[in-house]
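J.: The structure follows.
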Amino acid sequence: MANWILFARDSSGMPLVSAMNGGSPENSLSTNLKANLIGFLQLFSGVGTFLVAKPSGTDNEVESVDLLPRTDLDTPTNSSALSSATWFQFFCDDDGQPVVVAMDGTNPAEFYKGNLKLALIDFLSRYSNANTFQIAPAGTSISGSVAEWKPSPPLPPSKHRVMLEIGHGPGVPFDPGAIAHDSVTTEHSLNIIAANSARNVIAKAGINCTVIDTVGSLHGIGLQSSGFDVFCSVHHNSFNGTVQRAEAFSHATKGDGLDSDLAGMIATELSKTLSIPNAGAKKAKLGVLSGAEDTNVRVAVLAEVYFIDFKGNGTLPKPHLKDFSTRGGEAIGRGIVEWLKKHP
Ligand SMILES: [Zn+2]
């Protein structure tokens with residue numbers, strides 16, 4: 001899927017706009033019409049940024065743009081100045097950063113320096129009389145003191161963001177966690193399955209969800225939850241092959257009632273879903289939760305989906321690992337979604 005946009009000049013001097021997937025063009029548009037450009041930009045939801053190619057074969061002799069922001073920028077640009085621009089010119093400055101200039105004839109009227117697609121669309125849309133654009137040819141020089149347009153700050157993060165942390169894994173040495181009853185499957189591999197199943201449920205509920213599987217100290221991993229509503233570290237348990245139950249932890253001293261409420265909801269959902277005993281909300285001084293509690297995250301828990309070394313007994317089966325971890329992850333997701341509904 002395309003993830004950035006490249007602006008270049010084709011051999012006839014016409015703008016060539018390409019939706020790029022890594023280094024390869026996936027789709028392109030040859031036009032100098034602003035309306036076509038905006039429509040093209042809006043096609044690619046995975047695209048956040050754009051770049052302007054330096055004119056080919058020019059090496060150091062690239063076009064130059066040396067626009068100094070006017071000092072009186074607190075004064076809003078008045079509407080007559082806005083409507084006077086008739087076209088746009090795209091540059092690549094010395095740092096490789098795009099500069100887009102709204103032009104009034106041959107005079108620069110206002111510029112946007114940045115690489116954000118949505119900001120570009122906003123900037124282009126400011127000028128109703130400017131309907132075309134060009135990629136500056138080599139040798140184009142433009143300088144002066146011009147008002148700089150800055151995009152409005154991004155919206156505050158949406159609420160109810162969830163961070164799921166895959167327990168164990170990357171690091172030196174690699175930490176596989178517990179080993180399952182088949183003597184082969186690692187806890188880390190099952191944590192991946194469970195975390196991604198949880199994410200699917202959370203994302204389906206329309207809630208932003210990030211999964212991380214990072215290297216570092218446990219405390220440092222927990223610190224990454226800063227700014228999130230919910231942090232959940234996803235683990236599986238093991239003991240001696242004879243124990244089976246679901247449980248979830250909050251931090252013993254740094255946690256509060258909201259944390260243990262979420263731990264309890266997750267453990268209950270796990271127990272119901274997997275038909276295993278419910279050990280409910282527990283407390284422990286866990287490093288990853290200590291780190292999370294040192295941030296502004298609203299709640300932080302560690303879920304132990306089930307005991308992966310359990311060999312089965314008269315009443316409970318030996319767990320089918322992939323199935324249990326998939327359904328267990330979904331149970332975690334439901335627990336988190338329900339908690340967010342309860343504590344909006
Ligand atoms: Zn673990």
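J.: What nm distance separates the two modelled labels at A252 and M1, each placed 7 Å from Cα along Cα→Cβ?
T.: Placing both labels 7 Å along Cα→Cβ, they lie 4.4 nm apart.
J.: Let me see the pair-distance distribution of the chain: every alpha carbon pair, 10 Å bin width, integer percents in order.
T.: In whole percents, the pair-distance histogram is 5, 21, 21, 14, 16, 14, 7, 2, 0.
J.: Straight-line reach from K341: which aspartates and glutamates fall under 19 Å, measuring Cα to Cα and dropping same-chain residues less than 8 apart?
T.: Result set, ordered by chain and number: D229, D256, D259, D261, E269, E330.
J.: May I ask you to list, by number, the DSSP H helices of the chain whose Cα span along the axis is at least 20 Å and whose average Kyte-Doolittle hydropathy reaches 0.0 or more?
T.: 187-204, 257-274
J.: Suppose every K and R has +1 on its Cβ and every D and E has -1 on its Cβ; what is the size of the dipole of the chain about the Cα centre, in Debye to the nearest 20?
T.: So the magnitude is around 1320 debye.
J.: So what is the 222 nm mean residue ellipticity for the chain from helices alone, if each DSSP H run of at least 4 adds -39500 (n - 2.57) and you divide by all residues, rounding to the nearest 500 deg cm²/dmol?
T.: Value at 222 nm, helices only: -8500 deg cm²/dmol.
J.: Once you list every other residue whose beta carbon is under 13 Å from the beta carbon of L164, what net charge do they have if Lys and Arg are +1 and Asp and Glu are -1?
T.: -2
J.: Just want the answer: with Cβ charges of +1 for Lys and Arg and -1 for Asp and Glu, which residue in V17, I121, G220 is farthest toward the dipole's positive end in the chain?
T.: Of the listed residues, the answer is G220.
J.: Could you tell me the center-to-center distance, by alpha carbons, between the range 107-135 and the range 205-279 in angstrom?
T.: 47
J.: Using a basic spin-label model with each label point 7 Å from the Cα along Cα→Cβ, how many nm lie between D66 and N240?
T.: Using points 7 Å along Cα→Cβ, the separation is 8.0 nm.
FYI, it's all coordinate maths here, none of it is from the lab. All figures in this text were calculated on a predicted structure; none of them were measured in a lab. A quick note on method: Cβ atoms are made from the backbone with ideal geometry, for glycine too, and the neighbour counts reach across all protein chains shown.
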